[in-house]
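Here is the structure we will look at.
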Amino acid sequence: MKPKIIRADKQESLKRAADVIKRGGIVVYPTETFYGIGADATNEKAVKKIFQIKRRDEHMPILLIIGDEKMLFSVVKDVPEPAFKLIKRFWPGPLTIIFHAKETVIPLLHSYTGKIGVRLSGNYIARQLSLLSEVPITGTSANISGSPPCRKPQEVADQLPDVDLILDAGCLNSELPTTVVDVTETPFRIIRKGVISEKEISKCLGEVLYA
């Protein structure tokens with residue numbers, strides 16, 4: 001049975017999607033790059049379901065999407081002072097930052113490393129979904145692991161029939177993923193190149209960083 005597809009640009013759609021997440025369900029939603037798979041990041045059963053749906057190895061971590069900056073402190077131990085520069089400059093936006101995770105974060109999300117990737121998405125729908133769900137949500141790409149990210153809702157429905165709901169925002173045309181920076185070590189490291197360039201990151205911090 002294919003998942004239900006509803007328009008993403010209606011407030012009642014967002015409320016419906018948030019209700020699905022609160023009940024432990026799985027929702028596909030648009031981000032500023034590709035479609036993501038969202039579940040309550042505090043619900044271990046829901047998190048495990050995402051790994052099953054994506055056929056994802058448990059040694060591969062999953063980042064979190066937060067609805068606002070305040071929510072960040074519910075999942076990370078601390079924010080290094082220079083990291084606030086990145087937050088101020090690039091959030092909301094396509095920058096995922098890796099922090100030391102709080103002990104309360106489900107270990108499967110960070111593959112038992114103690115480090116968790118977090119993003120305040122530049123996409124309004126992604127942020128609202130987290131806020132209305134009242135929890136951080138998972139932000140892994142909507143695809144079977146190893147396959148290209150899905151750009152269209154119907155592609156998601158065909159590839160991931162076990163998700164509960166898809167928020168349709170049309171075709172997402174980003175050619176690059178989000179940039180990922182690890183701030184748990186000094187100097188900070190660019191883990192993945194993406195929409196925000198090394199040059200922009202280095203300029204913001206006042207020091208040269210390399211991938």
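The values are calculated or read from the model by the stated rules, or taken from the named source; none is laboratory data. Quantities reported herein were computed from a predicted structural model and do not represent experimental measurements. All Cβ positions, even for glycine, are placed from backbone atoms using ideal geometry, and neighbour counts span all protein chains on display.
With respect to the conditions (1) modelled with pLDDT of 95 or more; (2) within 17 Å of the chain's Cα centre (by Cα); (3) over 20 Å from Ser130 (Cβ atoms), Leu176 falls short on a single one, namely (1).
For every residue, the table says whether it meets (1) closer than 16 Å to Ile53 by Cα; (2) among the hydrophobic types (A, V, I, L, M, F, W, C); (3) touching a residue at least 60 places away in the same chain (Cβ under 8 Å).
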| site | (1), (2), (3) |
| --- | --- |
| Met1 | yes, yes, yes |
| Ile5 | no, yes, yes |
| Ala8 | no, yes, yes |
| Ser13 | no, no, yes |
| Ala18 | no, yes, yes |
| Thr31 | no, no, yes |
| Tyr35 | yes, no, yes |
| Ala39 | yes, yes, yes |
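Candidates are the residues of the range 1-15 that are part of a loop (DSSP other than H, G, I, E, B) and among the aliphatic types (A, V, I, L, M); the one that is surrounded by the most Cβ atoms within 10 Å (Cβ to Cβ) is Ala8. Cβ-Cβ distances below 6 Å connect the following pairs, each with a first residue in the range 136-156 that is touching a residue at least 12 places away in the same chain (Cβ under 8 Å), a second residue that is of a type in the set (Asp, Glu), and a separation of six or more residues or different chains: Pro153/Asp168. Of the residues that sit in the range 120-132 and are in contact (Cβ under 8 Å) with a residue 24 or more places away in the chain and either more than 22 Å from Asp168 (Cβ to Cβ) or surrounded by fewer than 24 Cβ atoms within 10 Å (Cβ to Cβ) (or both), which one is farthest from the chain's Cα centre (by Cα)? The qualifying residue farthest from the chain's Cα centre (by Cα) is Leu132.
Just one of Ile201, Ile190, Ile166 is surrounded by 18 or more Cβ atoms within 10 Å (Cβ to Cβ) and either in a helix (DSSP H, G or I) or acidic (Asp, Glu) (or both); which is it?
Only one candidate passes the filter, namely Ile201.
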